[in-house]
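The values are calculated or read from the model by the stated rules, or taken from the named source; none is laboratory data. As the structure is a prediction and not an experimental result, all values here were calculated from the model. Quick reminder, even Gly has a Cβ in these numbers, built from the backbone with ideal geometry, and neighbours come from all protein chains shown. Protein only, heavy atoms only, side chains kept; ligands, DNA and RNA dropped before computing areas. Shrake-Rupley method; radii C 1.70, N 1.55, O 1.52, S 1.80 Å.
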Amino acid sequence: MGELLRRYWHPIAAESELDESPIKPVRLLGEDLVIYRSKNGQYGLIERNCPHRRADFANGIIEEDGIRCSYHGWCFDHRGQCVEQPYEDRANPKGKFKEKIQAKAYKLEAKAGMLWAYMGPDPAPLVPNWEPFTWDNGFRQVVFADIPCNWFQCQENSCDPVHFEWMHRNWSSRQFGDGSYGPAHLELKFDEFEFGHIYRRVREDTDKDNQHWTIGATTLWPNAFFLGDHIEWRVPVDDENTLSVTWMFHRVPSDREPYVQKKVPYWKGPVKDEDGNWITSHVMNQDIVAWVGQGVIADRTKENLGKSDLGIAKIRACFEKNIQAVENGEDPMALIRDSDQNICVKLPIKHRELFTTSMSLEDSKALAKRLSYNLNQPDYQHQTGQPESVKMEYQKAMGMIPEDATETI
């Protein structure tokens with residue numbers, strides 16, 4: 001599985017994080033690394049410990065075109081090549097010792113306000129330029145959460161529509177509402193396409209003319225979920241930990257256009273409250289409770305799958321097929337190598353007009369209500385913990401409060 005995942009780019013940090021500090025320690029696919037941005041703007045992703053005497057690059061010194069170990073000054077470029085050894089270079093000016101020293105380094109690119117890592121073999125595919133990344137006039141934010149379980153049980157949730165009925169409607173109603181049950185699912189269908197899987201559903205309140213069926217929701221291969229206004233990635237930190245990354249888009253009202261966001265803000269939401277209890281108030285937090293509740297690594301030998309789990313069976317079979325393709329020396333599915341295709345990678349999007357059409361805030365809310373979408377509210381609806389600073393920036397962008405406001409709604 002690890003060899004398969006190394007064929008893809010993974011969002012691992014927000015680009016704006018390096019504005020605060022140019023070095024950030026990360027862990028990805030079981031490896032401890034540091035992200036950095038050199039003075040010339042070049043991004044780097046390098047093993048966390050210096051090849052000299054294993055000092056921590058998290059305490060490194062940023063140079064014009066690389067990172068220097070603060071212990072003895074050895075300097076490395078973004079390819080991991082040692083380019084300077086201050087004492088050795090003076091003691092033996094004709095020596096070539098530094099040419100023999102290579103730190104493990106990987107590719108790192110910026111796109112859509114996020115930093116993406118690639119840890120696989122060359123030639124690397126392109127970082128996908130998903131269609132929502134090309135949309136104008138939007139307020140974007142990147143939201144993280146640390147999840148103490150394996151990434152795969154998080155991703156399987158992406159092909160499980162019935163959990164919406166129970167976890168996000170019925171359970172929420174028991175916790176915070178009147179205890180009533182919502183419309184039940186009547187029919188499900190799962191299709192594979194070039195970039196993953198699509199699930200379609202009919203509930204008691206819809207029929208097959210509804211876009212829940214005609215367009216459906218998208219499980220992006222290999223570890224993401226797409227729902228129109230946001231993409232969620234389940235990034236594998238190691239076998240027992242996952243980094244949840246959500247990229248969220250809010251179309252600003254027509255009276256705020258043209259809107260150009262100078263910097264995409266980021267924040268990390270808590271998964272437990274101050275008393276150590278799991279937070280269950282928001283959709284993403286509810287999902288996290290379900291994933292962690294399956295165990296650090298879910299024991300699938302104890303499962304009993306039913307008809308509602310056809311999507312789970314399909315995604316597992318697809319992983320087996322693609323793991324075998326990698327073992328055979330072949331490309332797995334959903335790699336993008338055509339730069340023309342990557343100008344804008346189209347995706348199936350329910351109610352696209354909510355995100356691409358110019359309309360007033362009131363009209364967008366009214367349309368969203370008719371379509372049963374909870375969009376453009378003053379508070380972040382998807383995950384708990386949004387900082388007041390980001391909330392204020394969002395509300396100003398959406399015209400909910402004036403530009404000179406000092407308090408949020």
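Can you confirm whether the stretch 155-172 contains a residue that is without any contact (Cβ under 8 Å) to a residue 40 or more places away in the chain and on the phi > 0 side of the Ramachandran plot? Even if it seems obvious, please write down each step before you answer.
Narrowing the stretch 155-172 to residues without any contact (Cβ under 8 Å) to a residue 40 or more places away in the chain: 164-166, 169-170.
If we keep only those that are on the phi > 0 side of the Ramachandran plot too, we end up with none.
The answer is no; no qualifying residue exists.
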Selection count where residues are open to solvent by 40 Å² or more (accessible area, probe 1.4 Å) and either of a type in the set (A, V, I, L, M) or under 17 Å from the mean Cα position of the chain (by Cα) (or both), scope the stretch 104-130: 4
Boolean, V245 is over 26 Å from T356 (Cα atoms) and open to solvent by less than 30 Å² (accessible area, probe 1.4 Å): no
Pairs with Cβ under 7 Å, 6+ apart, first in the stretch 212-224 and within 14 Å of L335 (Cα to Cα) and touching a residue at least 60 places away in the same chain (Cβ under 8 Å), second among the hydroxyl-bearing types (S, T, Y) and crowded, with 20+ Cβ neighbours inside 10 Å: P222/Y8
Some residue of the stretch 177-192 being on the phi > 0 side of the Ramachandran plot and modelled with pLDDT of 95 or more: no
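Residues are listed down the side, and each one gets a yes or a no for (1) in contact (Cβ under 8 Å) with a residue 12 or more places away in the chain; (2) out of contact with any helix residue (DSSP H, G or I) (no Cβ under 7 Å at 6 or more places or on another chain); (3) closer than 29 Å to Q261 by Cβ:
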| position | (1), (2), (3) |
| --- | --- |
| A14 | yes, yes, yes |
| I46 | yes, no, no |
| A58 | yes, yes, no |
| K96 | no, yes, no |
| Y106 | yes, yes, yes |
Criterion (within 30 Å of K272 (Cα to Cα) and among the charged types (D, E, K, R)) met by exactly one of D309, D338: D309
Every pair of residues 6+ apart whose Cβ atoms lie under 7 Å, when the first sits in the stretch 303-332 and is among the β-branched types (V, I, T) while the second is crowded, with 16+ Cβ neighbours inside 10 Å and part of a helix (DSSP H, G or I): I312/E156; I312/C159; I315/E156; I315/C159; I323/L4; V326/L4
Residue check, E194 within 22 Å of A290 (Cβ to Cβ) and not hydrophobic (A, V, I, L, M, F, W, C): no
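Just to be sure before I move on: is W116 within 29 Å of V26 (Cα to Cα) and either modelled with pLDDT of 95 or more or among the small types (G, A, S) (or both) in the structure I sent?
Numbers: within 29 Å of V26 (Cα to Cα): yes; either modelled with pLDDT of 95 or more or among the small types (G, A, S) (or both): yes.
Judged against the criteria, W116 is a match.
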Residue ID - nearest to V245 (Cα to Cα), chosen from residues in the stretch 368-409 that are in a helix (DSSP H, G or I) and open to solvent by less than 30 Å² (accessible area, probe 1.4 Å): V390
